[in-house]
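Participant: What follows is a structure written as structure tokens; I'll ask about it next.
Values in this text are rule-based calculations from the coordinates and carry no lab data. The structure displayed is predicted, hence computed values, not measured ones. Here the Cβ is made from the backbone with ideal geometry for all residues, glycine too, and neighbour counts use every protein chain on show.
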Amino acid sequence: MSEKVRVRFAPSPTGPLHIGGVRTAIYNYLFAKRNGGDFILRIEDTDSQRFVPGAEDYIIEALTWLGLTFDEGTHIGGNYAPYRQSDRKDIYKKYVDILLEKGAAYIAFDTPQELEEKRSSIQNFQYDASTRGQMRNSLTLGKEEVQKLINEGNQYVVRFKIEPNQDVLVNDLIRGEVKINSSVLDDKVLYKSADNLPTYHLANIVDDHLMKISHVIRGEEWLPSAPLHVLLYKAFDWEETMPKFAHLPLLLKPEGNGKLSKRDGDRLGFPVFPLEWKDPKTGDISSGYRESGYLPEAVVNFLALLGWNPGNDQEIITLPELIKLFSFDRCSKSGAKFDYEKAKWFNHQYIQLKSNKELRELFIPYLEKEGIKADESYIETVIGLVKERVSFVKELWGQSAFFFKAPESYDEKTIKKRWKDETPAQLTELIDVLKGINDFSSNNQEEIVKNWIESKGYNLGGIMNAFRLAVVGEPKGPHMFDITATIGKEETINRLQKAIKDIKK
Ligand code: GLU
């Protein structure tokens with residue numbers, strides 16, 4: 001292992017980054033920053049068939065939105081550039097040749113048809129020590145024959161020659177020691193002459209080595225590849241600098257049975273991607289957390305706790321705190337259920353943590369859409385009064401529209417229930433009471449109005465409900481006198497007058 005902590009997030013640009021991939025990126029980032037290390041973005045695009053245009057930019061945009069900044073990567077360069085595997089083609093061939101020379105790999109000419117025939121004639125066929133002797137490869141053909149086939153332009157692959165019956169140990173920082181027998185592994189293809197490209201396994205190992213990666217932190221789905229990777233490190237004689245592994249638990253469906261998929265999101269109505277994604281082929285749009293109104297801080301906090309915990313029941317943990325607390329000891333081995341309601345809860349909490357000024361900046365575009373212009377300080381006061389009622393910035397308008405414009409209509413049900421025969425006369429009296437108040441602060445109004453109600457022997461609820469209906473138009477909103485103190489005396493009186501005039505039973 002190299003001394004400095006260097007981790008890489010190594011997605012394949014095969015589509016939008018899944019929320020599970022985002023969690024992997026977060027854990028890599030936290031571990032790197034916890035240990036004063038480097039966080040690197042490497043794009044693993046050697047499988048040209050699965051390449052999707054736009055996916056790399058999407059990944060960078062998503063992680064930038066979440067505040068996970070890279071130290072090196074395709075978009076910013078670095079000492080180990082290039083960071084996109086398709087730009088590193090020339091590097092890999094040399095390492096394929098090293099394995100061939102050492103006898104740790106061999107050339108195989110079997111065509112897809114030949115392989116298919118074997119699969120149908122031999123039960124559970126696997127290309128390995130038990131079968132490679134029956135195949136067309138450099139172990140069974142003479143040297144000259146091999147050269148002749150290559151010269152004739154026959155396509156071939158290079159396969160890793162796995163010695164059977166050895167114990168392979170993978171030391172995993174989350175799972176402990178995982179031991180498997182090499183006989184279960186097949187002689188994986190490392191390189192294909194057809195496109196002159198290495199496969200994932202070879203490119204991944206060579207790049208981790210050359211980029212001095214100290215820890216490989218990735219999803220559990222890569223655990224089955226880890227023994228092969230350990231054997232590759234051995235074959236190259238790179239065991240001493242082999243990175244440590246940490247395979248993260250799966251994100252599970254909300255019900256807990258099986259892996260979280262895009263279909264679960266469609267079925268239950270939540271995004272499984274950080275940003276909205278438009279499929280370049282079909283034009284289909286998949287929703288994203290950003291466009292759904294999530295704050296990046298909330299998404300990071302929510303995901304960080306799916307598979308890791310701080311050792312106590314603290315739930316609100318900001319990115320700088322996460323960096324201080326993160327360690328693999330508290331990562332769980334078992335999958336984490338994806339609880340979408342909890343994501344909303346986190347967003348609600350992070351809205352409460354934002355200052356009214358920050359929220360004002362986020363809220364302004366929504367006000368503009370409604371054609372509303374107002375003083376900055378007025379908007380901030382309103383936000384302060386309603387924010388505890390919302391989980392998303394976009395919900396602020398629904399909770400506060402009446403601060404910006406008088407009601408145009410009045411809720412019918414409330415009229416029926418709350419607008420009594422005596423209401424117009426009582427509200428007319430209330431107008432006079434309000435007119436006489438000089439200090440229109442919430443507390444002062446409340447004291448004076450309540451004294452008046454009491455002295456008259458009126459019903460407190462009856463007056464206050466009708467008052468609210470006149471000012472808000474509906475039975476909702478924060479404390480009544482906070483509303484009137486904010487909109488001011490004149491506006492309050494105007495709204496009362498209008499209601500008295502317009503509301504008919
Ligand atoms: N390219 C692999 C992926 O798409 C990387 C796995 C790894 O981190 O080794 O997830």
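Participant: Restricting to the chain, what percent of DSSP beta bridges are antiparallel, rounded to 5? Walk me through the numbers before you get to the answer.
Facilitator: Working: 21 of 38 bridges.
Taking every DSSP beta bridge within the chain, about 55 percent pair in antiparallel fashion.
Participant: Sum -39500 (n - 2.57) across every DSSP H segment of at least 4 residues in the chain, then divide by the residue count to get the 222 nm mean residue ellipticity, nearest 500.
Facilitator: Numbers: 20 runs with 222 residues, N = 505.
Value at 222 nm, helices only, nearest 500: -13500 deg cm²/dmol.
Participant: Testing the spin-label approximation: label points 7 Å from Cα along Cα→Cβ at residue 355 and residue 239. State their distance in nm.
Facilitator: For residue 355 paired with residue 239, the spin-label model returns 5.7 nm.
Participant: Full-extension gain between residue 221 and residue 441, please, as 0.36 nm times their residue separation minus the C-alpha to C-alpha distance.
Facilitator: Values: separation 220, 0.36 × 220 = 79.20 nm, distance 6.08 nm.
Here the answer is 73.1 nm.
Participant: Arrange the peptides 418-429, 198-209 so that the one whose residues have, on average, the most other Cβ atoms within 10 Å appears first. Before the final figure, lay out the partial values.
Facilitator: On the way: 418-429: 16.1, 198-209: 22.4.
Per-residue mean Cβ counts within 10 Å order the peptides as 198-209, 418-429.
Participant: Assuming R0 = 60 Å, what is the FRET efficiency of residue 321 and residue 498, from their Cβ-Cβ distance, to the nearest 0.05? The partial results should precede the final answer.
Facilitator: Values: r = 50 Å, r/R0 = 0.84.
Efficiency at R0 = 60 Å is approximately 0.75.
Participant: Between residue 262 and residue 330, what is the FRET efficiency for a Förster distance of 41 Å, r being their Cβ-Cβ separation, to the nearest 0.05?
Facilitator: Details: r = 29 Å, r/R0 = 0.71.
That pair, residue 262 with residue 330, gives E of 0.90.
Participant: Skipping prolines and chain starts, which residues have an amide H placed within reach, meaning under 5 Å, of the one on residue 84, given they are 5 or more residues away or on another chain?
Facilitator: The answer is 43.
Participant: Now a separate question. Label points 7 Å out from Cα along the Cβ direction at residue 165 and residue 179: separation in nm?
Facilitator: In this crude spin-label approximation the distance works out to 1.7 nm.
Participant: Report, to the nearest 10°, how far helix 89-102 tilts away from the longest principal axis of the Cα atoms in the chain, using its own Cα long axis and a range of 0 to 90°.
Facilitator: Tilt of helix 89-102: around 40 degrees.
Participant: Report the full-extension gain for the segment residue 51 to residue 91: residue separation times 0.36 nm, less the Cα-Cα distance, to one decimal in nm. Write out the running numbers ahead of the final one.
Facilitator: Working: separation 40, 0.36 × 40 = 14.40 nm, distance 2.03 nm.
Between residue 51 and residue 91, full extension yields an extra 12.4 nm.
Participant: Still on this structure, I have one more. Could you give me the ³J(HN,Hα) list for the range 167-176, computed from phi with Karplus coefficients 6.51, -1.76, 1.60 and θ = phi - 60°, whole Hz, x at Gly and Pro?
Facilitator: Using θ = phi - 60°, the values come out as 7, 10, 9, 10, 8, 10, 5, 9, 9, x Hz.
Participant: Work out from phi, with θ = phi - 60° and the Karplus expression 6.51 cos²θ - 1.76 cosθ + 1.60, the ³J(HN,Hα) of each residue of the range 18-29, listed in order in whole Hz, and give x for Gly and Pro.
Facilitator: 6, 4, x, x, 4, 4, 4, 4, 4, 5, 4, 4
Participant: Then there is this: Determine, for each peptide in 244-250, 459-465, the mean count of other beta carbons within 10 angstrom over its residues, then list the peptides with the highest first.
Facilitator: Working: 244-250: 21.1, 459-465: 15.4.
Averaged packing, sorted descending, gives the order 244-250, 459-465.
Participant: Now for a different question. Report ³J(HN,Hα) in whole Hz for each residue of the range 484-497, in order, from the Karplus equation J = 6.51 cos²θ - 1.76 cosθ + 1.60 where θ = phi - 60°; Gly and Pro get x.
Facilitator: 5, 4, 6, 6, x, 5, 4, 5, 4, 5, 4, 5, 5, 4
Participant: Which one of 126, 230, 503 has its Cα pushed farthest toward the positive end of the charge dipole of the chain, where Lys and Arg give +1 and Asp and Glu give -1 at the Cβ?
Facilitator: 503
Participant: Now for a different question. Which FRET efficiency value, to the nearest 0.05, is calculated for residue 421 and residue 489 with the Förster distance at 41 angstrom and r the Cβ-Cβ distance?
Facilitator: Details: r = 27 Å, r/R0 = 0.67.
According to the calculation, E is roughly 0.90.
Participant: What lysines sit close enough to residue 4 to cross-link, taking a C-alpha to C-alpha distance under 19 Å and skipping anything fewer than 8 places away on the same chain?
Facilitator: Within the straight-line limit of under 19 Å, residue 4 reaches these lysines: 33, 212, 244, 324.
Participant: On to the next question. Using modelled backbone amide H atoms (1.01 Å from N, in-plane), which distant-in-sequence or interchain residues come within less than 5 Å of residue 219's amide H?
Facilitator: The list, which skips near neighbours in sequence, is 248.
Participant: If you don't mind, another one. How much length would be gained if the chain were fully extended between residue 455 and residue 429, taking 0.36 nm per residue of separation minus their Cα-Cα distance, in nm to one decimal? Don't jump to the answer; show the numbers that get you there.
Facilitator: Numbers: separation 26, 0.36 × 26 = 9.36 nm, distance 1.27 nm.
That works out to 8.1 nm of additional length.
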